[in-house]
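Remarks on the structure that follows.
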Amino acid sequence: MHQMTLAEIARGLADKKFSSEELTKVLLARITQLDPQINSFISLTEELALEQAKAADVRRANGESGALLGAPIAHKDLFCTQGIRTSCGSKMLDNFKAPYDATVVSKLAAAGTVTLGKTNMDEFAMGSASESSWYGAVKNPWNLEHVPGGSSGGSAAAVAARLLPAATATDTGGSIRQPAAFTNLTGLKPTYGRVSRWGMIAYASSLDQGGPLARTAEDCAILLQGMAGFDPNDSTSIDEPVPDYAAGLNGSLQGLRIGVPKEYFGAGLDPRIADLIQNSIKELQKLGAVIKDISLPNMQHAIPAYYVIAPAEASSNLSRFDGVRFGHRCADPKNLEDLYKRSRGEGFGPEVQRRIMVGAYALSAGYYDAYYLKAQKIRRLVKNDFMTAFNEVDIILGPTTPNPAWKLGAKNSDPVAAYLEDVYTITANLAGLPGLSMPAGFVDGLPVGVQLLAPYFQEGRLLNVAHQYQLNTDWHTRTPTGF
């Protein structure tokens, strides 16, 4: 049962080959047995899962149907879940139980999903390796000495290890797509505003976006269908009709114009990954796609712009965690200043503290114009590059990451080296575009992903291309040894 995709589970439940309760029990036992190796879960919600599974079985018995009815998933631990710890991977929120469900959680629950638990992550989603969690580093099922990517590494590792078929995740600068690439999964960052951020604990509000992580494009289409849609509670949510993503998977790629930016293939890209990307391009050409060389001239400025904007927004968003209202509070504070300093100093880990400091500096008097304002101008130039490119092509293709997953601890002493791993993914967040990573092969036994970017609200196009690619390749079917 654990090898089934979401689509196969939906068919099996519809055909009464097994019940949601039976499947849930199998997966909960598997998590208990195998997760200690990879540390992908922060909280298991066994009681809730069995309750939801039984309810889903009753709904099916009463004639209801739906691809997500009775399907087991997990939520990244920054989606608020009523009465369940929502920690954001931080000591700061170790004792926080959300008083309400995030919109994504409530929408998926209404569709009939079964919540198996909350997955591990980089603290407050700040990281590219899932090593900064208060609950310990997540390990990559493909090689337990390597990182699974971040910040959604717990969701990615759990799905890759076949502990569950799919999970929710979030992407601020590549945090869905990069873990997908490192763990041989398909991960989709939707257009900014496509999925509600209400109840999703913020890192950088103008960049954060929730999305699905699964093994196939078909499964991502199913999960996105349940997540997407307008939400009046979220002022950044966009009132745009949600298409039937699954229905659009089988469109022909004949004549599809794929742009390949020359900037993606410069210094810094592992040549073995470059070869795998070229192989992916050839596969898509066989399916009728037309390849066109393009340029994104301002890509070189994206990393410095991102690492001013994101920390600036983080310093503002995280100011609410002060030891007064909720979250960690230091013992026996001498006065209010001592309460603030020690509560925040004890509650936040080193990476979070680093980004708060950078953000506060960038927003401070005398530096706002020099750093933050200039970064926002670069952001506009990055967006303009994409708008120009999409006048000529339908999608943009390139590597998801410049290197395969690195060893645990290898970049801890050099944060900038880890930041540079986001070079291909952060531009989509700066521009608000949808992006998808899909499996493209292996380097030294570690998975590699190819990234696709599309114009606003063209998630269906990305899913269609990825699905057609996966019908003609088998990278996405490979399973890590031991899982």
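The values are calculated or read from the model by the stated rules, or taken from the named source; none is laboratory data. Owing to the predicted nature of the structure, the values given are computational and were not obtained by experimental measurement. Because the Cβ atoms are built from the backbone with ideal geometry, glycine has one as well, and the counts that use them run over all protein chains shown. Heavy atoms of the whole protein, side chains included, go into the accessibility calculation; ligands, DNA and RNA do not. Shrake-Rupley method; radii C 1.70, N 1.55, O 1.52, S 1.80 Å.
Failed condition for I396, given (1) in a strand (DSSP E or B); (2) surrounded by fewer than 23 Cβ atoms within 10 Å (Cβ to Cβ); (3) β-branched (V, I, T), with all others met?
With respect to (1) in a strand (DSSP E or B); (2) surrounded by fewer than 23 Cβ atoms within 10 Å (Cβ to Cβ); (3) β-branched (V, I, T), I396 is out only on (2).
When A267 is evaluated against the numbered criteria (1) closer than 14 Å to D171 by Cα; (2) part of a loop (DSSP other than H, G, I, E, B); (3) among the hydrophobic types (A, V, I, L, M, F, W, C), which criterion, by number, is the only one it fails?
(1)
Going residue by residue through the stretch 96-107, is there one that turns out to be farther than 24 Å from A221 by Cβ and charged (D, E, K, R)? Step through it out loud before you land on a result.
Going residue by residue through the stretch 96-107, those that are farther than 24 Å from A221 by Cβ are 96-100.
Subsequent filtering for residues that are charged (D, E, K, R) retains 97.
Yes; the residues of the stretch 96-107 include at least one that is farther than 24 Å from A221 by Cβ and charged (D, E, K, R).
Would you point out the residue of the stretch 301-324, among those that are on the phi < 0 side of the Ramachandran plot and assigned to a loop (DSSP other than H, G, I, E, B), that is surrounded by the fewest Cβ atoms within 10 Å (Cβ to Cβ)? Let's see the steps before the verdict.
Of all residues in the stretch 301-324, those on the phi < 0 side of the Ramachandran plot come to 301-322, 324.
If we keep only those that are assigned to a loop (DSSP other than H, G, I, E, B) as well, we get 321-322, 324.
Working: F321: 24, D322: 18, V324: 12.
For the stretch 301-324, the residue satisfying everything is V324.
I need every pair where a residue in the stretch 32-44 that is farther than 17 Å from A167 by Cβ has its Cβ under 7 Å from the Cβ of a residue that is of a type in the set (A, V, I, L, M) and modelled with pLDDT of 95 or more, sequence separation at least 6 or different chains.
Correct list of pairs: Q37/L144.
What residue, of K407, K411, K377, is in contact with a Ser or Thr (Cβ under 9 Å, 6 or more places away or on another chain) and among the charged types (D, E, K, R)? Steps first, please.
Values: K407 fails: in contact with a Ser or Thr (Cβ under 9 Å, 6 or more places away or on another chain); K377 fails: in contact with a Ser or Thr (Cβ under 9 Å, 6 or more places away or on another chain).
From the options K407, K411, K377, the qualifying one is K411.
Which condition number does V382 fail, the rest of (1) open to solvent by less than 80 Å² (accessible area, probe 1.4 Å); (2) out of contact with any Pro (no Cβ under 9 Å at 6 or more places or on another chain); (3) assigned to a helix (DSSP H, G or I); (4) at pLDDT below 95 being met?
(4)
Is there any pair with a first residue in the stretch 350-368 that is touching a residue at least 24 places away in the same chain (Cβ under 8 Å) and a second that is assigned to a helix (DSSP H, G or I) and among the acidic types (D, E) whose Cβ atoms are under 8 Å apart and which are 6 or more apart or on different chains, and what are they?
That search, which allows pairs on different chains as well, returns E351/E123; V352/E123; G359/E313.
If I ask for residues that are open to solvent by less than 60 Å² (accessible area, probe 1.4 Å) and either assigned to a loop (DSSP other than H, G, I, E, B) or under 16 Å from I201 (Cα atoms) (or both), which ones from the stretch 330-344 would you list?
So in the stretch 330-344, the residues open to solvent by less than 60 Å² (accessible area, probe 1.4 Å) come out as 330, 333, 338-339, 343-344.
If the condition is that a residue be open to solvent by less than 60 Å² (accessible area, probe 1.4 Å) and either assigned to a loop (DSSP other than H, G, I, E, B) or under 16 Å from I201 (Cα atoms) (or both), then C330, P333 are the ones that fit.
When you go through (1) outside any loop (DSSP other than H, G, I, E, B); (2) open to solvent by less than 10 Å² (accessible area, probe 1.4 Å); (3) more than 23 Å from P141 (Cα to Cα) one by one for E47, which number turns out not to apply?
Condition (2) is where E47 drops out.
Which ones in the stretch 147-170 are assigned to a loop (DSSP other than H, G, I, E, B) and either small (G, A, S) or surrounded by fewer than 24 Cβ atoms within 10 Å (Cβ to Cβ) (or both)? Let's see the steps before the verdict.
Going residue by residue through the stretch 147-170, those that are assigned to a loop (DSSP other than H, G, I, E, B) are 147-152, 161-165.
Within the stretch 147-170, G149, G150, S151, S152, A161, R162 qualify.
For the stretch 433-483, what are the residues that are part of a strand (DSSP E or B) and open to solvent by 30 Å² or more (accessible area, probe 1.4 Å)? Break it down into steps so the answer makes sense when it comes.
Looking only at the stretch 433-483, we keep the residues that are part of a strand (DSSP E or B), and these are 435-443, 446-453.
The one that is part of a strand (DSSP E or B) and open to solvent by 30 Å² or more (accessible area, probe 1.4 Å): F442.
Given the residues G327, G259, G347, which is the only one that is buried (at least 18 other Cβ atoms within 10 Å of the Cβ), more than 30 Å from P399 (Cβ to Cβ), at pLDDT 95 or above and of a type outside the set (A, V, I, L, M, F, W, C)?
Working: G327 fails: at pLDDT 95 or above; G259 fails: more than 30 Å from P399 (Cβ to Cβ).
Just a single option satisfies the conditions, and that option is G347.
Which one of A161, A137 is over 24 Å from T236 (Cβ atoms) and in contact with a Phe, Trp or Tyr (Cβ under 7 Å, 6 or more places away or on another chain)? Write out each step before concluding.
Numbers: A137 fails: in contact with a Phe, Trp or Tyr (Cβ under 7 Å, 6 or more places away or on another chain).
After applying the criteria, what remains is A161.
Restricted to the stretch 282-300, and to residues that are in a helix (DSSP H, G or I) and buried (at least 18 other Cβ atoms within 10 Å of the Cβ), which residue is nearest to the chain's Cα centre (by Cα)? Please lay out each step first, then the result.
Taking the stretch 282-300 and keeping what is in a helix (DSSP H, G or I), we get 282-286, 299-300.
From what is left, the residues that are buried (at least 18 other Cβ atoms within 10 Å of the Cβ) are 284, 299.
On the way: L284: 25, M299: 21 Å.
This residue is M299.
Please verify whether the stretch 127-134 includes one or more residues that are open to solvent by 10 Å² or more (accessible area, probe 1.4 Å) and charged (D, E, K, R).
yes
Count, please, the residues in the stretch 87-113 that happen to be in contact with a His (Cβ under 9 Å, 6 or more places away or on another chain) and of a type in the set (S, T, N, Q).
Summing the residues that are in contact with a His (Cβ under 9 Å, 6 or more places away or on another chain) and of a type in the set (S, T, N, Q) in the stretch 87-113 gives 2.
Is the stretch 54-77 home to any residue that is closer than 18 Å to A156 by Cβ, touching a Cys at 6+ places or on another chain (Cβ under 6 Å) and crowded, with 22+ Cβ neighbours inside 10 Å?
No: the stretch 54-77 contains no residue that is closer than 18 Å to A156 by Cβ, touching a Cys at 6+ places or on another chain (Cβ under 6 Å) and crowded, with 22+ Cβ neighbours inside 10 Å.
For the stretch 225-264: of the residues being part of a helix (DSSP H, G or I) and of a type outside the set (D, E), which is nearest to P404 (Cα to Cα)? Give the steps one after another, and end with the answer.
So in the stretch 225-264, the residues part of a helix (DSSP H, G or I) come out as 225-227, 246-248, 262-264.
Of the ones still in play, those that are also of a type outside the set (D, E) are 225-227, 246-248, 262, 264.
On the way: Q225: 30, G226: 31, M227: 29, A246: 30, A247: 33, G248: 31, K262: 20, Y264: 15 Å.
Here the answer is Y264.
Based on this model, can you work out whether A228 counts as closer than 30 Å to A160 by Cβ and surrounded by fewer than 22 Cβ atoms within 10 Å (Cβ to Cβ)? Even if it seems obvious, please write down each step before you answer.
Numbers: closer than 30 Å to A160 by Cβ: yes; surrounded by fewer than 22 Cβ atoms within 10 Å (Cβ to Cβ): no.
No: the conditions fail for A228.
What is the number of the single condition among (1) open to solvent by less than 60 Å² (accessible area, probe 1.4 Å); (2) within 13 Å of G112 (Cα to Cα); (3) not hydrophobic (A, V, I, L, M, F, W, C) that T5 does not meet?
Every condition holds for T5 apart from (2).
Restrict the check to the stretch 413-423 and report whether at least one residue is open to solvent by less than 10 Å² (accessible area, probe 1.4 Å) and in a loop (DSSP other than H, G, I, E, B).
Scanning the stretch 413-423 turns up no residue that is open to solvent by less than 10 Å² (accessible area, probe 1.4 Å) and in a loop (DSSP other than H, G, I, E, B).
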